[in-house]
């Protein structure tokens, strides 16, 4: 019996399951109200996360990460071919001296991770947050002194993951016949602990890669992106933001401009303050397209309440508008109150 149970001493396979349930209460006459949104009916997503790992004699670890999601209604995006998909799936090797090496479907580490509200931000819809591609990633934290550490990331992606959170005509992965290939990403994030106990992280990111196109009239090209961001904590207060500059066309008809805009500025500014189990937060983001011109603006304000250790309630008022050119026109994508229940175990 002891021999049979021995693997449990060194093999760990934690599993988490969860779900997101979204009600959109339309207050602006956009016509998207209901459980989900127009063309997006059903449960927002169910998911399973698995993190197997083995600890070796020298203390290093061999493991992996699987993040699988699915829906019971409309497709998560109109360009998704099915109602279930992998957000991530990779093998990893970790060593205190060498850092962590990952290979497989790995999240792109360009810019900030995530955002404070439920409705996404312009960098998310432009394909720079929660975007997993096929390649390798090296990550390491350097402890410079007691008050300073530096996170470093070096990644190379052979091919895009074929889907992410962007909407159609935002990012290359959202258009059939267009792919991201041979993309290199570098990111450096110094983190300071200040005298008053607050912390500040300042990130700088760079990316360059190929946009490969089989779409008639839209030729293959190179895309380069740079960005800088910050994340500040002082007690219950959190301030964060970023700005990204994209050079080179990514799709033939951008969502906001209606054409192959070759320069895009994408930004976000976020604030949160926690009182007990409630985190109040406000988010504003925008992207500005050039050649041709167009603009989208997204803002939301609300709160996240920790109902139990496993259940959170999101309530927020959100507005998303497009201020395009004469061809695209001006429109509201969404306006109203969002109520979201997120559970996980």
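Here, each number is a calculation from the coordinates, and none is a lab measurement. Note that the coordinates shown come from a computational prediction; the quantities given were computed from them, not determined experimentally. Here the Cβ positions follow ideal geometry from the backbone for every residue, glycine too, while neighbour counts run over all protein chains shown.
With a ≥ b ≥ c taken as the square roots of the eigenvalues of the C-alpha gyration tensor of the range 296-337, please select rounded if a/c is under 1.5 and otherwise prolate if a/b is larger than b/c or oblate if it is not?
prolate
Extension gain residue 214-residue 158, at 0.36 nm per residue separation less the Cα-Cα distance, in nm?
18.4 nm
Among 53, 285, 219, rank each residue by its count of other Cβ atoms within 10 Å, from fewest to most, as a rough exposure measure.
Ordered by Cβ neighbours within 10 Å, fewest first: 219, 53, 285.
Arrange the following residues from fewest to most other Cβ atoms within 10 Å of their Cβ: 102, 234.
234, 102
With runs of 4+ DSSP H residues as the only contributors, calculate the mean residue ellipticity of the chain at 222 nm using -39,500 (n - 2.57) per run, divided by the residue total and rounded to the nearest 500.
-1000 deg cm²/dmol
Assign one of three labels to the range 35-160, namely rounded, prolate or oblate, based on the Cα gyration tensor with a ≥ b ≥ c the square roots of its eigenvalues; rounded applies when a/c is under 1.5, prolate when it is not and a/b is larger than b/c, and oblate otherwise.
Working: a/c = 2.35, a/b = 1.74, b/c = 1.35.
Taking the square roots of the gyration eigenvalues as a ≥ b ≥ c, the range 35-160 is prolate.
How would the range 91-344 be classified by its alpha-carbon gyration tensor: rounded, prolate or oblate, with rounded meaning a/c under 1.5 and the a/b versus b/c comparison settling the rest?
Oblate.
What list do you get for 345, 80, 44 if you sort them by fewest beta carbons within 10 Å?
Least to most surrounded, the residues fall as 345, 80, 44.
Can you order the peptides 249-259, 171-181 by their average number of other Cβ atoms within 10 Å per residue, highest first?
Going from most to least packed, we get 249-259, 171-181.
So, by mean Cβ neighbours within 10 angstrom, what's the order for 28-37, 287-296 with the highest one leading?
So the peptides 28-37, 287-296, ranked by packing, come out 287-296, 28-37.
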